[in-house]
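Here is the structure we will look at, set down as structure tokens.
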Amino acid sequence: MLKMTDVKKVFRTDLVETHALKDFNLQVGEGDFVAVTGPSGSGKTTFLNIAGLLETFDGGTYELDGQDVSNLNDKHRSQLRNEKIGFIFQGFNLIPDLNLFDNVDVPLRYRGFNSAERKKRIENSLEMVGLAQRMKHLPSQLSGGQQQRVAIARALAGEPRFLLADEPTGNLDTKMANSVMELLKTINDAGTTIIMVTHDADLAKQARRNIYVRDGQVSEL
Amino acid sequence: MNYTFELAYKNTFKQANLTALIVLTISLGIAACVITYALIYLMSADPLPTKSARVLHVQLDNWDPNKAAIEPNLPPEQVTWQDATNIVAAKQAKYQAASAITWGMVTPTDKNAAPFLGVMRATHGEFFPMFNVPFLYGQGWQNAEPNEAKYVTVLTKEVNERVFSGENSIGKTLPMLGKIFTVVGVLDDWHPSPKFYDMVYGAFSKPEDLYIPFQIKAELELPHGGITNCWETNLGDSYQGFLNSECTNFELWVEVDELTHFSDYEFYLNSYVQQQKQLGRFARPINNILLDINQWLSYKRVVSKDIYVFFSLALLFLFVCLFNAASLISTKFTASTHEVALRRALGANQQNIFLQSMIEAMILGVLGGVFGLIFSLFGLQGISYLYPNFSTFLTLDLTLISFAFGLSILSSLISALGPIWFLNRTPIAKHLT
């Protein structure tokens, strides 16, 4: 389902050339729950950004659902992102002046669903994260944990094949972090493939599979 | 597309202060351009659009054999009494009319209407149909044969209001110039701008109060208004001496049936001058000028070079405003970088973002146009206050309104192009943590 072969990513400035990923090889199967750990600057987030088509790469191949994404144009990359990938960020990244309903609506709008279909999906996904009653609230009226739940609802509303989570519990206390982790496990049990970058070894242990990234290369734990 | 428009609309008003500054910057530049362009556009407007190419101003070179009337070698702009009467009597065009400004006392019989010094236009009856002069009541008169002048008059709406309280005065009498005139027509509002048919008192001067037959001027020996140019030295003292002289004081206009008749009429004028040469006049080589209305307005430089200079300066000012607007738009777009990166991560492609930003710029342009027009109205009112003669034509018509909106939208799009280009190249991952 997700296959990276010898993927390279180099960040260049006038003075320095940083190899963020070096011959990065990884295969993630359908329904997997992969926790990615590693020290700061090891290339975890770069890997996740490339996997989520947020960044391009400089060498190697990357196949998503059997499709080589190396040479896709912006329109196709955006469409793949919208249809197949859901994102969860450490900082939630909700749009502050939109209520929960409209925040979850954003990816669905770009998908081109009609209004009835969007409404159904938004209500279902907010129901799943337990915030259906608060859909008219603004993000600022919610706690951090609740905001992350809204972000999860937004990621799930389009029923993506992959959920990419970058430190999803990084800004939450332990209780809320566990609650979010339980939610992710439920989502994974329902069939969605999850790749989660985390520093938290305890959380990583709860994933089905653990990989360790160091110096831009991956090793299985 | 609806969603893109909705986002653009919301974004426009998200940072209200910044939006207001951008709109103000664009609208000031637009107002400067609209005001100066309005002057050029309105001053050079075709005053008789249905037939301006067929209505021709006649100039004949009867001047001093040793010196041109206007250097380097141009004929006088007006004609003599004898040429005016001869050419009108020849009836070689569809319509022909000579005219001149004169004045005299008007003494209404109504006790409530005070006597006044009326400025009059002595002209042939075909003046009215040739220039499509609108009548409220009645009509003009037929071109009178020489020495068959009748004491008839056409009043402007304002004079009819003053003398007859605005009633239908056709057939009523009006004592003036020591005679009793019969009113045959009352004009509706008529303020041709520019006043192309006679610009001796300025291209935007007021039309005269009353119209009287051309021959009455000679019969009653009325004063010569406007500009009289003479090159002969021994005119004699009599009024008839002046009429027989080579002094020019009369505007001469003709209307030909079709454009193809232009050269026929030119041929006729040349023949006329040849004929006059045989009588000992027109010592200079044939140098007739026949210009249609718009050519005549260009010849008279109704729109002065100064106004074009002002327009160029206004464009320069707009250019400066665009630079400022671009900087403000850039600030506005920079503030939305995070949201754009997020939307891109959630599925928006570069085209979506480009379209949204362009629509946002267009909305700013429309707002700039609205406020630009409001500022322009103030500006034009100020000009009308300083130059009252301009007040009759200084208005914003559909063309000027379209010009304002077109220029404003174009300006805002140009200002926004750079910031949009940078916004669209926002690295998505960099702004999302």
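Once the GluC sites (Glu not before Pro) in DSSP loops with at most 16 neighbouring Cβ atoms within 10 Å are cut out of chain B, the longest remaining piece is B:259-433. For chain B, the C-alpha radius of gyration divided by 2.2 N^0.38 Å, with N the number of residues, is 1.37.
Can you name the helices of chain B, as whole DSSP H runs, whose Cα span along the helix axis is 30 Å or more and whose Kyte-Doolittle mean is not below 0.0? Before the final figure, lay out the partial values.
Numbers: long enough: B:16-43 (39 Å, 2.06); B:305-335 (45 Å, 1.51); B:350-386 (52 Å, 1.28); B:398-424 (36 Å, 1.67).
Correct list, ordered by number: B:16-43, B:305-335, B:350-386, B:398-424.
Summary of the geometry: segment B:174-214 and segment A:149-221, compared by the centres of their Cα atoms, lie 91 Å apart.
According to the square roots a ≥ b ≥ c of the eigenvalues of the Cα gyration tensor, what is the shape class of segment A:1-99, taking rounded for a/c under 1.5, prolate for a/b larger than b/c otherwise, and oblate for the remainder? Rounded, because the longest to shortest axis ratio a/c is under 1.5.
Taking the Cα centre of the protein assembly as shown as origin, sum charge times position over the Cβ atoms of Lys and Arg (+1) and Asp and Glu (-1), and report the length of that vector in debye to the nearest 20.
Numbers: 55 positive and 64 negative charges, 427 e Å.
Around 2060 debye, computed over the protein assembly as shown.
Using a Gaussian network for chain B with springs between C-alpha atoms less than 10 Å apart, which of these wobbles most: B:Trp81, B:Trp63, B:Trp231? Sorting by GNM fluctuation, first place goes to B:Trp231.
Placing unit charges on the Cβ atoms only, positive for Lys and Arg and negative for Asp and Glu, gives chain A a dipole magnitude near 500 debye about its Cα centre.
How much of the calculated P(r) for the protein assembly as shown lies past 39 Å, in percent of all Cα pairs? Pairs farther apart than 39 Å: 56 percent. Given axes a ≥ b ≥ c from the Cα gyration tensor, I'd like to know whether segment B:219-310 is rounded (a/c under 1.5), prolate (a/b larger than b/c) or oblate. Oblate is the answer for segment B:219-310, as a/c is 1.5 or above yet b/c matches or exceeds a/b.
Averaged over the residues of B:336-346, the number of partner chain Cβ atoms lying within 10 Å of the residue Cβ comes to 6. Between the alpha-carbon centres of segment B:104-120 and segment A:88-144 there is a gap of 82 Å. Between their Cα atoms, which of A:Lys44/A:Lys136; B:Lys51/B:Lys206; B:Lys67/B:Lys179; A:Lys3/B:Lys430 are more than 32 Å away from each other? Table pairs above 32 Å Cα-Cα are A:Lys44/A:Lys136; B:Lys67/B:Lys179. Under 5 Å between amide hydrogens, built in the peptide plane, is the criterion, and for B:Phe181 it picks out B:Leu174, B:Met176 among residues at least 5 positions away or on other chains.
Across peptide A:72-82, what mean number of C-beta atoms from other chains lies inside 10 Å of a residue's C-beta? The partial results should precede the final answer.
Values: counts 0, 2, 5, 4, 1, 3, 12, 2, 1, 7, 5.
Going residue by residue through A:72-82 and averaging, the value is 4.
Near the amide H of A:Gln90, within less than 5 Å, lie the amide hydrogens of A:Asp166, all on another chain or at least 5 residues away, with H placed in the peptide plane.
Taking every C-alpha pair closer than 8 Å and separated by at least 6 residues, the mean separation divided by the residue count of chain B gives a relative contact order of 28 percent. When segment B:217-376 is described by a simple charge dipole with +1 on each Lys and Arg Cβ and -1 on each Asp and Glu Cβ, the residue from B:Thr260, B:Val303, B:Val273 located farthest towards its positive end is B:Val303. Taking only the alpha carbons of segment A:2-220, we obtain Rg and Dmax values of 17.3, 54 Å in that order. Applying a 4.7 Å cutoff between beta carbons, the unpaired cysteines of chain B are B:Cys33, B:Cys321.
Show that you can apply the helix-only estimate: for the protein assembly as shown, add -39,500 (n - 2.57) for every DSSP H stretch of four or more residues, divide by all residues, and state [θ] at 222 nm to the nearest 500. Write down the numbers at each step before the final one.
On the way: 20 runs with 281 residues, N = 654.
That comes out to -14000 deg cm²/dmol.
Only one residue of A:Val28, A:Val213, A:Leu138 has its Cα farthest out toward the positive end of the dipole of segment A:2-220, where Lys and Arg carry +1 and Asp and Glu -1 on Cβ, and that residue is A:Leu138.
Which of these, A:Phe113, A:Phe87, A:Phe11, has the largest mean-square fluctuation under a Gaussian network model of chain A (Cα springs below 10 Å)? Of the options given, A:Phe11 has the highest mean-square fluctuation. Counts of other chain beta carbons within 10 angstrom of each beta carbon in peptide A:90-97 average 3. Of the trypsin sites (Lys or Arg not before Pro) in segment B:320-375, not one is in a loop by DSSP (not H, G, I, E or B) with at most 13 other beta carbons within 10 Å. Think of the protein assembly as shown as having a plus end and a minus end, set by charges on the Cβ of Lys, Arg, Asp and Glu; of B:Gly29, B:Ala89, A:Ser115, A:Ser115 sits farthest toward the positive end of this dipole. Look at the alpha carbon pairs under 8 Å that are at least 6 residues apart: their mean separation over the length of chain A gives a relative contact order of 32 percent.
Values quoted throughout were computed directly from the atomic coordinates according to the rules given, and no laboratory measurement underlies them. Being a predicted model, the structure only gives us computed values, none of them experimental. Positions of Cβ are generated from backbone atoms using ideal geometry, with glycine treated the same way; all protein chains shown enter the neighbour counts.
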